[in-house]
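Data block below; observations after.
The values are calculated or read from the model by the stated rules, or taken from the named source; none is laboratory data. Every value quoted in this text rests on a predicted model; they were computed, and no experiment measured them. Backbone-built Cβ (ideal geometry, glycine too); neighbour counts: all protein chains shown. Areas reflect the complete protein model, heavy atoms only, side chains present, ligands, DNA and RNA absent. Shrake-Rupley method; radii C 1.70, N 1.55, O 1.52, S 1.80 Å.
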Amino acid sequence: MFDRRSTFGEALDHPAARAVLERLMPGFAASPMASQFRDGRLGSLIALVPSLESQEARDRLWAELAEIGGDVQRPPYAPAIEPDPAYEADDVVRGSATVVAPAEVALWAPLEIRIDGPSHGNPFVDVELDAVFTRAGDEVRVGGFYDGDGTYVIRALADAEGEWSFVTRSTARSLDGLTGSVVIVPPVKGSHGPVRVDGFHFRHADGTRHRPLGTTAYAWTHQPEDLQQQTLATLADSPFTKMRMCVFPKSYLYNANEPSDFPFAGSLDDGFDLERFDPAHFRRLEHRIAQLADLGIQADLILFHAYDRWGFADMGPAVDDRYLRYVVRRLAGFANVWWSMANEYDLLWAKDTADWERLAAIVGEEDAFGHLNSIHNCRPFYDYSAAWITHVSVQRVDVYRTAENTDEWRERWGKPVVIDECAYEGDIDQGWGNITGEEMVRRFWEAAVRGGYCGHGETYLPSALGLDDEVLWWSKGGVLHGTSPDRIRFLEELLAEAPEGAWDPLPSDWDVPWGGVAGRVKVGYFGFNRPRFRNVMLDEGEWTIDVIDTWNMTVERMPGTHPAGSVRVELPGRQFMAVRLTRV
């Protein structure tokens, strides 16, 4: 049969399947691009076809293709593996394993219970383990994971001060019924806890305002050690507070190098054992997440993506579920983790809406601490009104206009809007990767005055910079060469000056968007327009007026204060200017 995993070429070469494509994907089969997409999976290509945006239209396509016999035979997906109830013999004493728990853990830090237990067979799939913690009168279940070499770990996020007691439950007799207690003490300086939604914005659990000024380096943790260290050093000197990054390695333009290890045991040459994880790989990832936390940066972890040559994009439902439970159990104990179900979910050929809903439910089940979660699109939007989605994570939907939609998206979904991919500052041949620094900063400002947040990325060709390698920040990290980060820092400083540390959209002119805090601060942004003056209307009270050059990073205050009414504000006739009105 033909299905989402079939290639476009396979379907085109079969007369009956081609007829279905020509009818339900009108114009696409005969398109000049058809030869370019012959190796593309049908499940990915539907994202490019407007007539297939609805679930009903996609279901009709798959149903008709399923009725057509094909010559392509594929092995079935691996079945689910249930824990072995007889993993340990009846003569093993229940609760006899050695458990090590810390006496104290600081608030917002990972709370780790480590157990020395059995290692025979395959504990990754043979053993189920969790713990029930009791704290402040509440109970919370936290799943455990196998960390290799006979070590099991239950990692919780210490999210409440006081004494926590626990009892373990397991299908392995020696791991079942272990007990202990840990005292959660006040947080270390600079620790603010996980980020939560605060209306259309974000705050840390302790109330500190969080502004997700993000950047992207998809595969930075899959690079050599010295390059990862260079990335961390660059981040330490940057304004960014969020990093989008993949759990799986990425295979795409400027991502051709082979990682040294993977989430699963094995290699591309020898194959992967999808029943065994590589704990050393995850320990290195955890170390990087902790280092980002030290820099005050959220790790926005992309759980699935389509840019793959190893088979991770199409492992089958049972393996997807097992992988997801393992990842969430390992990483939900870190306060600075966000979940992104997918980068460009609509390109993952083997998954449709029902799969994403199932996978999101697993994250919700295994993450007892409510980390933020969203899903990112290539072309059609996901339904961001879904209850499990905490915030809107989108990429541009038009070559030019994306950030300008921020206030509309806030109204549509009633959630914070983060444009994680508005295009990248750079000079590569792809249209998504060659905007100027000025345009990147303009998009950040357009999003900000409309009450949302924009994301940064950089794709400068190393050869144009006199470098010999293919290290682009967007893919591998390294160093930043662009002109936008300093201007993004300047915007961050202005946002921090707002009474609540954030701007919301305000009533705007037809040609100028206004944002700020109603009755207290109003910011008008002129973008690529360049007026010589602007008459602004002041509400009741006395106001100061600042002229802001968003590119040259200057703030010039007009003399005195100004009462309600119309005031003429002189401007320099340059692009990227803004006006800020502040009630005294």
Heavy-atom accessible area of Y254, protein chains in place, probe 1.4 angstrom, given in Å² to nearest 10, is 50 Å²
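Among R532, R173, what's the order by accessible area (1.4 angstrom probe), most exposed first? The partial results should precede the final answer.
Details: R532 160, R173 55 Å².
Greatest to least solvent exposure: R532, R173.
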To the nearest Å², the heavy-atom accessible area per residue of the stretch 326-399 with 1.4 Å probe amounts to 25 Å²
The simple spin-label model distance between A386 and V183, using points 7 Å out along Cα→Cβ, in nm, is 4.4 nm
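A 26 angstrom limit on the alpha carbon distance is what I want to check against. Which of K415/K476; K189/K250; K242/K415; K415/K522; K189/K522 exceed it? Present the calculation step by step, with values, prior to reporting the outcome.
Details: K415/K476 31 Å; K189/K250 36 Å; K242/K415 18 Å; K415/K522 22 Å; K189/K522 34 Å.
Result: K415/K476; K189/K250; K189/K522 exceed 26 Å.
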Value of [θ]222 nm, deg cm²/dmol, for the chain, DSSP H segments ≥ 4, -39500 (n - 2.57) each, nearest 500: -6500 deg cm²/dmol
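Ordering S508, S31 by accessible area with a probe of 1.4 Å, largest first, what comes out?
Values: S508 65, S31 25 Å².
So, going from the largest accessible area down, we get S508, S31.
Ordering Y252, Y87, Y460 by how much accessible area each has at a 1.4 Å probe, largest first, what is the list? Walk me through the intermediate numbers first.
Working: Y252 80, Y87 15, Y460 50 Å².
If we order Y252, Y87, Y460 from most to least accessible, we get Y252, Y460, Y87.
Before I look further, what does the stretch 44-114 give for accessible area per residue, probe 1.4 Å, in whole square angstrom?
So the stretch 44-114 comes to 59 Å² accessible per residue, rounded to a whole number.
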Quick one: of the DSSP bridges fully inside the chain, what percent are antiparallel, nearest 5? 70 percent
In whole Å, how far is the Cα centre of the stretch 507-567 from that of the stretch 167-220? 40 Å
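Quick one: with all protein chains in place, what share of the accessible area of the chain is carbon or sulfur, to the nearest percent (1.4 Å probe)?
Values: 11890 of 23420 Å².
Looking at the chain in its full context, I get 51 percent from C and S.
Tell me the per residue accessible area of the stretch 481-545 using a 1.4 Å probe; a whole number in Å² is fine.
Details: 3170 Å² over 65 residues.
Accessible surface, normalised per residue, equals 49 Å².
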Determine how large the accessible area of E366 is when every protein chain is in place; take a 1.4 Å probe and give Å² rounded to the nearest 10. 10 Å²
Suppose every Lys and Arg Cβ carries +1 and every Asp and Glu Cβ carries -1, with no other charges. What dipole size does the chain come out with about its Cα centre, to the nearest 20 debye? 1620 debye
